[in-house]
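The values are calculated or read from the model by the stated rules, or taken from the named source; none is laboratory data. In this text, all values refer to a predicted model and were calculated from it rather than measured experimentally. All Cβ positions, even for glycine, are placed from backbone atoms using ideal geometry, and neighbour counts span all protein chains on display. Accessible surface is based on the protein model in full, side chains and every heavy atom, while ligands, DNA and RNA are left aside. Shrake-Rupley method; radii C 1.70, N 1.55, O 1.52, S 1.80 Å.
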Amino acid sequence: MTRSTTVALMPIAVLVVLFGGWELLVRVMAIPPYVLPAPSAVLAALVGDAGILLPALAVTLRITVAGFVTAVVGGIALGVLITRSRLAEAAFSPLAVILQVMPLIAIAPVIVIYAGPAVTVYLSAFIVAFFPVLAATAAGLKAVEPAHRDLFRLYRARPGQRLGWLEAPTAVPYVLAGVRTAAGLSLVGAVVAEFVAGTGGAGSGLAYRLVEASYRLNVPRLFAAALLICLAGVVIHAAVGRACAALLRRWRPQGER
Amino acid sequence: MSVSRGPLVSLRDVSRAFGDRVAVAGVDLTVDEGEFVAILGPSGCGKTTVLRLIAGLDDPTAGTVGGRDLGPAEGGVAYVFQDPTLLPWATVFDNVYLPLRIAGVPRAAAADRVRAMIARVGLAGREGAWPHALSGGMRMRAALARALVTRPGLLLMDEPFAALDEITRQQLNDDLLRMVAESGCTVLFVTHSVAESVYLATRLVVMGGVPGHVVGELPVELGSVRNEALRRDPAYLALCMRASALLAVGMGTGGTL
């Protein structure tokens, strides 16, 4: 076995041992499912409750993606705006910092009073994803090499030319790093908000179903919902990571300088 | 452009301080059209500061920086920095096109001229190459093409070949002389190499001291034919020795004129 296949198989082996041990433990010690469901019971719940869990997953994902996409657009836009002048930076920076340091779990119950549950979940996904994009964009736009700045000054480039041909291309790798961070966070934001503001019925998200299952001591479903949230996070992380890497390759085709 | 309009560059009693540190003090310097002036001096004597003041990239704390207002575009000022400072996300073509692009020349209208300039610096066929795929010498050639593509009236060069190996450096010096002769532009060339300055220039301005000032000037009357044979010419060697003596005066290490 080559070293690389060993490396690839190791995480699978760890998971097999972990879940195999778990299954064995539950069966041998006859632990009741409302205390600790065996992996097989979680899988059974996942399949059996698919009619409830999958639509809920779709709701959560839709809101997550909406929050993420608008956070990326908004973060880049505000990042460009605040780097245009010291005045704009001074005006907006405190607000951005407040947004960032505010514990979402504390503010979601406030938002829900005024905005309703669905908008609250969306806003939470937006808020947590917004700041990394904003910070990365602002940092990237300011990361222009002094010599490049001199070059554009020498040829008396207009502010728009400087932004489009110098600052924006410089910022690309920074912004993409921010976007990668934001992708995972937007799901966390949506899930946290659903804990506080989730609603029952057709519009309920996955985290709401998870809380609901916990109240009903339906522990296998709780585990299944948590598993789905994990999987969704992994998929989002991987998809956005790949997209960013592909964009980066196109932007600077043969990698580093 | 006629000579009757006075010198291209005229510095009168120019000083520039950065906080408490005075970089240059009391610098007088005149450059006439058609000259190839080398500013020779040790590291840290303010050569780059003088060049930046002339380029308008910096303002003096005292004295006047005058001469003709050449502007950035056609017949204007071009600057070759110590590093090639190519935009890493742009091809050789786009890097050379940049000054014309900033000046508002459409891509199609500039294409022939950009390609011709790339060929003149010896990079024909590398238009689509990315800067990181080029050697140090080729990058500097691209930077030279970018500087010359606007057909500048005044070319400012800040130790452009200092980081290159001796052979590449000599080739670039010969190519530079050829292109300057073809274009007829005036050159102000900063270097710390005595041999390079005498080989290239029609006049030397030796700088030194703390703060930096002009120690002396030396006309280089070696004619316009500059080639390998010149390096063994007694007149060339004598000039090198006189330039070295001036440098020694500037550095306070003795020596007489």
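Scanning region A:128-148 for residues that are buried (at least 22 other Cβ atoms within 10 Å of the Cβ) and either among the β-branched types (V, I, T) or over 28 Å from A:V192 (Cα atoms) (or both) returns A:V128, A:V133, A:T137, A:G140, A:L141.
All of (1) closer than 24 Å to A:P169 by Cβ; (2) in a helix (DSSP H, G or I); (3) open to solvent by 20 Å² or more (accessible area, probe 1.4 Å); (4) more than 14 Å from every other protein chain (Cβ to nearest Cβ) hold for B:E127 with one exception: (2). Please indicate, with yes or no, whether at least one residue in region B:122-131 is modelled with pLDDT of 95 or more, of a type in the set (A, V, I, L, M) and over 20 Å from B:D233 (Cβ atoms). Among the residues of region B:122-131, not one is modelled with pLDDT of 95 or more, of a type in the set (A, V, I, L, M) and over 20 Å from B:D233 (Cβ atoms), which makes the answer no. All of (1) part of a strand (DSSP E or B); (2) surrounded by fewer than 17 Cβ atoms within 10 Å (Cβ to Cβ) hold for B:L188 with one exception: (2). Criterion applied to B:G208, B:G212, B:G153 was being open to solvent by 10 Å² or more (accessible area, probe 1.4 Å) and either in contact with a Gly (Cβ under 6 Å, 6 or more places away or on another chain) or not β-branched (V, I, T) (or both), and the one residue passing it is B:G153.
Could you tell me whether region A:28-40 includes any residue that is within 16 Å of the chain's Cα centre (by Cα), of a type outside the set (A, V, I, L, M) and assigned to a helix (DSSP H, G or I)?
no
For region A:105-127, the set of residues classified as open to solvent by 40 Å² or more (accessible area, probe 1.4 Å) and within 16 Å of A:V179 (Cβ to Cβ) consists of A:F126 only.
Check region B:163-175 and report whether any residue there is open to solvent by 20 Å² or more (accessible area, probe 1.4 Å) and in contact with a Phe, Trp or Tyr (Cβ under 6 Å, 6 or more places away or on another chain). Looking for residues that are open to solvent by 20 Å² or more (accessible area, probe 1.4 Å) and in contact with a Phe, Trp or Tyr (Cβ under 6 Å, 6 or more places away or on another chain), one finds at least one in region B:163-175, hence yes.
Residues in region B:74-112 that are more than 11 Å from chain A (Cβ to nearest Cβ) and of a type in the set (D, E) were compared, and the one that is least open to solvent (accessible area, probe 1.4 Å) is B:E74. Among the residues of region A:196-207, is any modelled with pLDDT of 95 or more, open to solvent by less than 10 Å² (accessible area, probe 1.4 Å) and not hydrophobic (A, V, I, L, M, F, W, C)? Checking region A:196-207: not a single residue is modelled with pLDDT of 95 or more, open to solvent by less than 10 Å² (accessible area, probe 1.4 Å) and not hydrophobic (A, V, I, L, M, F, W, C). Of all residues in region A:148-198, those satisfying the criterion of being away from chain B (no Cβ under 14 Å), in a helix (DSSP H, G or I) and among the small types (G, A, S) are A:A177, A:G178, A:A182, A:A183, A:G184, A:S186, A:G189, A:A190, A:A193, A:A197.
When B:A229 is tested against (1) modelled with pLDDT of 90 or more; (2) not in a loop (DSSP other than H, G, I, E, B), only condition (1) is not met.
Restricting attention to region B:191-208, the residues that are assigned to a strand (DSSP E or B) and of a type in the set (S, T, N, Q) total 1.
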